[in-house]
There are 2 protein chains.
Amino acid sequence: MIKTVAFDADDTLWHNEPLYSETTERFRRLLSAYHSPQWIGERLYETETRNLQHYGYGIKSFTLSMIETAIELTEGRIKGSEIQEILRFAKEMLQAPVRLLDHAAETVKRLAESYELMIITKGDLFDQESKVARSGLGDYFAAVEIVTEKDPQTYRAVASKSGVEMREFLMVGDSLKSDVLPVLEAGGHAIYVPYATPWQHETVPAEVASRYDFMRAGSIREIPGIIEELAAAN
Amino acid sequence: MIKTVAFDADDTLWHNEPLYSETTERFRRLLSAYHSPQWIGERLYETETRNLQHYGYGIKSFTLSMIETAIELTEGRIKGSEIQEILRFAKEMLQAPVRLLDHAAETVKRLAESYELMIITKGDLFDQESKVARSGLGDYFAAVEIVTEKDPQTYRAVASKSGVEMREFLMVGDSLKSDVLPVLEAGGHAIYVPYATPWQHETVPAEVASRYDFMRAGSIREIPGIIEELAAAN
């Protein structure tokens with residue numbers, strides 16, 4: 001019944017959130033002479049949210065938002081050497097090793113024996129392709145789709161391009177907003193595997209989530225069993 | 001014989017280079033108190049080239065390179081307000097109106113009656129999708145592929161995904177290096193339509209170009225006629 005299993009990438013196959021929270025922490029320390037850590041964090045989050053419409057997602061966008069925040073918070077008193085430090089954060093983020101989640105590699109290999117696998121992820125094209133290559137898992141995926149928005153229309157387009165019906169399509173991801181609810185709306189299946197520390201930009205109010213009937217797993221290793229149960233129930 | 005006509009986007013369908021050269025000029029003026037315009041331009045070009053491996057192509061990458069160059073050239077003496085000015089350049093570039101090349105709209109509409117059309121472009125996913133949408137031409141293209149590298153393998157993969165043979169595939173673009181030579185190597189057809197001011201990163205030595213037998217047009221409006229001649233000759 002399920003033919004294609006698609007995975008989100010960041011915080012579903014490999015760790016991503018810690019890279020942003022560690023860099024945010026370094027950013028707070030860098031500006032600690034000017035403001036309180038909490039104030040700096042709030043202003044950065046505000047700048048990021050405001051800039052999503054201009055920059056989209058990814059490390060380069062985040063870096064431009066850090067620089068913008070640093071200038072605003074210091075009323076232009078920030079030093080060149082401090083901005084250089086922010087550029088160094090960016091290059092370190094871009095080159096950080098790809099750390100797979102526990103059981104991600106074995107689960108992907110096992111699922112690849114029975115299903116066509118896909119990665120569907122938002123973010124920066126250049127950065128995401130580089131992470132897929134460095135993950136060592138690239139060969140298990142028939143397609144890697146990097147998209148700007150994850151809405152029902154996106155999922156329908158991706159499925160149709162691969163010649164799969166939505167009822168044969170299952171998405172696995174850590175975001176209710178991006179990986180689960182739009183797939184259900186498009187007529188597909190989805191398994192929610194929450195990450196330890198969810199990303200602030202992607203939270204969904206409980207009253208919205210409760211209107212949907214989705215499957216949930218505590219770890220990616222539970223996915224093959226859940227799909228088998230789903231097939232047996234139909 | 002030709003089934004699919006694929007277009008590069010920047011400087012093939014719409015003007016792009018002037019946006020970068022105008023911004024480079026503003027950048028030179030911004031730093032004119034510190035260095036000579038020529039020196040500033042050369043250092044920026046060096047930084048951009050060095051950063052391609054970290055950042056890839058696009059406006060966000062270019063902006064991060066401008067900031068890095070400004071800090072290095074001023075030995076950190078650059079003011080926060082000057083870096084803020086560079087961020088303003090970036091937002092203006094991202095929001096700049098999409099200016100189609102002369103005859104691009106009419107040619108695309110005409111070709112869409114007889115061929116499957118595609119856009120294949122490098123650059124930043126978010127920015128390129130936004131430009132396709134703002135160009136008003138999006139509906140004429142069956143597929144828009146934004147890729148990190150334009151090599152023979154990329155073209156083979158894109159053609160295969162659309163179920164077209166390379167001998168039925170024709171690419172139109174302003175870069176010999178990215179749009180013409182790799183397509184010929186992959187067994188397809190290509191028409192070179194040079195842009196008024198070629199992009200420094202994409203030049204090909206004459207002795208390399210001379211080894212290839214490619215078609216050339218002075219304007220995009222010549223494309224339908226060239227394809228008809230190509231069909232008649234076979």
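The values are calculated or read from the model by the stated rules, or taken from the named source; none is laboratory data. Since the structure is predicted, the reported quantities are computational estimates derived from the model, not experimental observations. Every residue, glycine among them, receives a Cβ derived from its backbone with ideal geometry; neighbour counts consider all protein chains shown. Each accessible area value is taken on the protein alone, full model and side chains, heavy atoms only, with ligands, DNA and RNA left out. Shrake-Rupley method; radii C 1.70, N 1.55, O 1.52, S 1.80 Å.
Odds and ends about this structure:
- Among the conditions (1) in a helix (DSSP H, G or I); (2) in contact with a Ser or Thr (Cβ under 8 Å, 6 or more places away or on another chain), the only one that residue B:34 does not satisfy is (1).
- Where a residue in segment A:117-130 is more than 18 Å from residue A:55 (Cβ to Cβ) and its partner, wherever it lies, is modelled with pLDDT under 95 and among the small types (Gly, Ala, Ser), with Cβ under 8 Å and at least six apart: A:117/A:142; A:118/A:142; A:118/A:143; A:118/A:162; A:119/A:143
- For residue A:57, the conditions (1) over 22 Å from the mean Cα position of the chain (by Cα); (2) not in a helix (DSSP H, G or I) all hold with the exception of (1).
- Number of positions in segment B:134-172 that are under 24 Å from residue A:154 (Cβ atoms), in a helix (DSSP H, G or I) and open to solvent by 70 Å² or more (accessible area, probe 1.4 Å): 5
- Verdict on residue B:208 being assigned to a helix (DSSP H, G or I), out of contact with any Asp or Glu (no Cβ under 8 Å at 6 or more places or on another chain) and closer than 14 Å to residue B:9 by Cα: no
- Only residues that are open to solvent by less than 40 Å² (accessible area, probe 1.4 Å) and basic (Lys, Arg) were counted across segment A:80-131, and they come to 2.
- Being more than 16 Å from residue A:13 (Cβ to Cβ), at pLDDT below 95 and within 17 Å of the chain's Cα centre (by Cα) holds for only one residue in A:197, A:154, and it is A:197.
- Residue count for segment A:43-66, restricted to those that are farther than 18 Å from residue A:22 by Cβ and either open to solvent by less than 10 Å² (accessible area, probe 1.4 Å) or more than 10 Å from chain B (Cβ to nearest Cβ) (or both): 9.
- Residues of segment A:92-117 that are outside any helix (DSSP H, G or I) and away from chain B (no Cβ under 13 Å): A:97, A:98, A:99, A:100, A:101, A:102, A:103, A:113, A:114, A:115, A:116, A:117.
- Filtered residues of segment B:146-159 (kept if of a type in the set (D, E, K, R) and within 11 Å of chain A (Cβ to nearest Cβ)): B:149
- Residues satisfying the stated conditions in segment B:214-234, i.e. open to solvent by 40 Å² or more (accessible area, probe 1.4 Å) and more than 22 Å from the chain's Cα centre (by Cα): B:228, B:229, B:231, B:232, B:233, B:234
- Cβ pairs under 7 Å, 6+ apart, first in segment B:67-91 and facing another protein chain (nearest Cβ under 7 Å), second surrounded by fewer than 20 Cβ atoms within 10 Å (Cβ to Cβ) and not in a helix (DSSP H, G or I): B:74/B:34; B:76/A:79; B:79/A:76; B:80/A:74; B:80/A:76; B:80/A:77; B:81/A:76; B:84/A:76
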